[in-house]
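Written out below as structure tokens is the structure these notes cover.
The values are calculated or read from the model by the stated rules, or taken from the named source; none is laboratory data. Just so it is clear, the structure is predicted and the values come from calculations on it, not from any experiment. Backbone-built Cβ (ideal geometry, glycine too); neighbour counts: all protein chains shown. For accessibility, only protein heavy atoms count, side chains too; no ligands or nucleic acids. Shrake-Rupley method; radii C 1.70, N 1.55, O 1.52, S 1.80 Å.
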Amino acid sequence: MDKILEGLVSSDHSVPVKKAIVKKVVEAAENEATEAQCRALFTLTTRLILLGEDAFQKQIGIQVLDAYARYHRPEFEHFFNKDFVLSLLQQGYGQLDHRDPSIIDYIHCCLRLLISCPSVLETFSVIQVEFLRMVCERPEPALCARLSMLLLDFMQCIPREKSGVLFCQQLVRTISCFQCFASQERELREYVGQVTKVGTLLQNIWKAEPATLLPSLQEVFAIISSTDPSFDPSIALASLVQHIPVQMITVLIKSLTTDQNVRDASMTKALCRMIDWLSWPLAQHVETWVIALLKGLAAVQKFTILIDVTLLKIELVFNRLWYPIVRQGALAVLSHMLLSFQHSPEAFHLVVPHVVNLVESLKTDGLPTSKAFLLQFTELMHCMMYQYSGFPDLYDHILETIKDLPKPSEEKIKLVLNQSAWTSQSNSFASSLSKQAGKSETGKTGLINLGNTCYMNSIIQTLFMATDFRRHVLSLHLNGSNTLMKKLQLLFAFLAHTQRVAYAPRNFLEASRPPWFNVGSQQDCSEYLRFLLDRLHEEEKTLQVLESSKPKVPSLVGTSRKEASEEQQESCLSETETKPASDQRTLIEKMFGGKLITGIRCMQCNGISEKEEPFTDLSLAFCPSASSQNSPKFQGHSEEPKLLCQGAVNGGSEAPELGSASTLASNFHYEPVTNEPPLSVPDLVNYFLAPEILDEDNAYFCEKCTSLQRAERTLKLVSAPEYLILTLLRFSYDAKCHIRRKILDNVTIPPALRLPVHVSMPPAQWSSASSSPVQVDSPESSENLAKKLKPSQGDEEEDRRQRIDDVEEGSRGGDTPVHSVPYMLSSVVVHSGVSSESGHYYSYGRNISGADPVNPSADGEDLEKGQAARSLCTPELSDCRREEKEWLLFNDSRVTFTSLQSAQNITKRFPKDTAYVLMYRKQELLGENSKGGVKANGMSLSVEPPLQKELLDAIIKDNKLYLQEQELNARTQTLQASSSSCSFRPNGSDDNNPPGSCGPSGGGGGGGGFNTISRLVF
């Protein structure tokens, strides 16, 4: 029969004929046959199965072998013995290698035919040993899948006890060596199927022998935590995760995270590779284990690993969102990583550039699951933008893209953030400074946050963008001095000329920090600004006294270099050349100093007492809303005394003693009134200048009447500063909770305003310069005040006529003339946060000089109404197209282009972000004389002054150092590419930053650090 079958296979007969003859051979299996005949048939069919030239020959071999093995079981048992199996597994068959999957398939087929024979037990023992050996040889996925299929059908072939544990461990390691080189979908599906079969085998072994599970998992961790740079385990290990009982998560994660023998580098590698598993299709529970490990590391305060892994893998996780098959698991991990990474916006900002494209794709891909997924993703984005609300330049495009999708409530956002935070932390770990790319397209230099120094950075950038002030500071001849002004000059020079993306102002911080400011704590930028200006003013006053006995020594302010060209000398004229010699004002006084007169009129005897006081900024309290006028708390002006805030030059304070006549009006938090226009800066200035009734407990002691009398207090600006600094008193004191709360009311910021200034000189001799409008009024009752601040359409015109009548009556009474001084908005410092002890500062700014002329007419009014309008602070229109490219956003290390509208609408888009400090530049009126770009008052330079040699040398030296640092960093990164050490390590004093700090990476710049979450800012 074997001869017939062999001849048939090699014949040229057609396939139907061959099938018919094979059918006859199979039917003949029922007949008796000698052992030699059976053996010959078994040998032939084995050769056809293993070495057949085509699938038809293999099929013939299987059919005939199956038939004769069933009817001649003893003969087949004698043929397929343990020695034959051992020979197949060790030596192969003919030219067929022992690793060929066909041999495993043949053995699998034969075992099914011998399952009821006693001798098969010996064969099982051989297979147990040989399969363990084969697994240790790291078989390819195809062979390993065939082994798994055989063992799934014949569990008796699986090694037992210690050998079983070893078998599982080696099988895990074999999976880690799998590699997929598929380029077609069919090949990829086949590979995934092979891996799935091996994973299923391990699942069955773990169920049958629970003792093998823990050693197997230990082997998995040993593999993925390996720091050997030459070995990169396959993500096929992800197929095992779904087979691990979920109830074991807590025990296993606790065991891993508390094991002192596990180095941070190994844990980092393990976590990174588990995150890579998110790419494995069809894997279940991978995200559950990844999140569990992230939480476990946070529980034991392994923040070094968390920071390192998050920054390294956040973009990979985000990219998985593009693939629907793994999208949901990736979103779960992405959400946890972003929401828990609350010490710095650095991780979120890595994915921000990709958000818009993903949202647009989800809107149009047409998948039924995309809509629900998009809602989840949008909610995550809103949470992150709420947490890091100080970056409107980055978020505007995202907000525009998701504007039509539902937005979660603020309460839900807070709940999500609180539940996800690393609340178990107690120490801070400062990461290394972020790698800086090239300078931004603005060409401007940022300031590195040195640990809650965003308050200083925003003020420095505001002063730097005060063009005329900057030019005067850079033109000062201060060689060899060690004054604060010299340090400011050096800092300005670096901001203007360094090649660094962001400069670290450490020396200036140490020199300018107020003594009562705790190192590393969040501070008030307005308080810092006052202290800084006061120091600079007092320092120059002292030098003036010391130099008064040296008449030949050139003036400190505005001295030009001898070696400068004639044109440069003209642009850098000293103060003494354009001002009378008797003018001994300091640079701070000339740039920021103004004067106002406080007048008190006794309403009994009409006696008037006046006092002139200088100021460097006006602190504007928030006035009560119109809806509050009927409340007993706000009846009469005596209940709302306003603050006459003196600048730091004059020793003024933002917070006078309680009980004094100048109690802060901002000690109350006024909720915005619905259906009414928001307050504007002119409203607050008008409220500041409005008459105030002193009565009852706040009554005025009249020397003429020699008793306490009801009186009226008025404020008049008599000298307008070149730079008008306005501080909005947003932090009110809560007497019940003993904390300072923030007033989050939106305030409209006009780009230009006119400030009413009472002058004694004739108008022809009066010199003013540019800026923004303020609307000032003098109501005599709280009702008129409410109408003035938030007028309704019906009352607006009547109120306007009343103000004009009041001004005309004042003019007839002999008051000094009032001139409307124009100002243009120069900078806006924004506070992002809900309290004064925490949050983040950033600033908007533009270069604007006082030499830019403006139209002298206020609002196109005729001359008769123009005189009345001068007593009001009024907003003006500006050229928005011109301003569109002028504005910059300074956010610590980040400097980007922005627009005025972004600053004006910031509170509408981000409720926690509110304008805090405003700076306006006074402008020159058309028709006023100027000489070659130098104003008549000598306070405007037409060009940037040339760098003095000392400054130039310092910048050149630092730029060389910067290039050396870049080269060293490149070499270090190359060496670290193969290193297993973590890149984020505790670093000195940065380990324990105080509560409420920004950290070194505040505002997206220069690294990161952890702080107490309850008062965390960035």
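Counting other Cβ atoms within 10 Å, keep those with at most 13, restrict to DSSP loop, and tell me which chymotrypsin sites (Phe, Trp or Tyr not before Pro) in region 114-222 are left.
Details: sites: F124, F131, F154, F167, F178, F181, Y191, W206, F221; in loops: F154, F178, F181.
Qualifying residues, ordered by number: F181.
Quick check on my link table: of K444/K957; K313/K407; K254/K295; K407/K908, which ones sit more than 22 Å apart, alpha carbon to alpha carbon? Provide the component values of the computation, followed by the final result.
On the way: K444/K957 19 Å; K313/K407 27 Å; K254/K295 10 Å; K407/K908 15 Å.
The pairs that break the limit, which is 22 Å between Cα atoms, are K313/K407.
What FRET efficiency comes out for D97 versus E190 if R0 is 22 angstrom and r is the Cβ-Cβ distance? Round to the nearest 0.05.
The value I calculate is 0.60.
Roughly how many Å is it from the Cα centre of region 719-757 to that of region 893-926, as a whole number?
Each part's Cα centre sits 14 Å from the other's.
For region 245-423, compute Rg over Rh where Rg is the Cα radius of gyration and Rh is the Kirkwood radius from the inverse mean 1/r over Cα pairs. Kindly include the intermediate steps, with their values, before the conclusion.
Values: Rg = 16.4 Å, Rh = 17.0 Å.
My calculation of the ratio gives 0.97.
Lys/Arg Cβ at +1, Asp/Glu Cβ at -1, dipole of region 245-423 taken about the Cα centre: which of T364, S266, L375 is farthest positive-ward?
Comparing the listed Cα positions along the dipole, S266 ranks first.
If you roll a 1.4 Å probe over the heavy atoms of the protein chains, what accessible area per residue do you get for region 245-423, in Å²? Please report the intermediate quantities before stating the final value.
Numbers: 7490 Å² over 179 residues.
The answer is 42 Å² per residue.
Could you tell me the calculated FRET efficiency between D953 and H738, based on Cβ-Cβ distance and R0 = 56 angstrom, to the nearest 0.05? Please list the in-between numbers first.
Values: r = 52 Å, r/R0 = 0.94.
Computed FRET efficiency for D953 and H738 comes out at 0.60.
Between A699 and K363, how many nm apart are label points set 7 Å from Cα along the C-beta direction?
Placing both labels 7 Å along Cα→Cβ, they lie 6.8 nm apart.
In whole percent, how big is the carbon plus sulfur part of the accessible area of region 279-324, probe 1.4 Å, protein atoms only?
On the way: 920 of 1690 Å².
Answer for region 279-324 is 54 percent, counting heavy atoms of protein chains only.
With N set to the residue count of region 288-369, report its C-alpha Rg divided by 2.2 N^0.38 Å to two decimal places.
Numbers: Rg = 13.7 Å, N = 82, 2.2 N^0.38 = 11.7 Å.
After normalising by residue count via 2.2 N^0.38 Å, the value is 1.16.
Starting from the amide H of S732, placed 1.01 Å from N in the peptide plane, find each other amide H under 5 Å away whose residue is 5 or more places distant or on another chain.
R741, K742, I743
Provide the per-residue ³J(HN,Hα) series for region 166-174, in order, calculated from phi with Karplus coefficients 6.51, -1.76, 1.60 and θ = phi - 60°, each as a whole number of Hz, with x at glycine and proline positions.
5, 4, 5, 4, 6, 5, 4, 5, 4
Which shape class applies to region 135-278: rounded if a/c is under 1.5, otherwise prolate when a/b exceeds b/c and oblate if not, where a ≥ b ≥ c are the square roots of the Cα gyration tensor eigenvalues?
Working: a/c = 1.79, a/b = 1.18, b/c = 1.52.
Oblate shape, in that a/c is at least 1.5 and b/c is the bigger or equal ratio.
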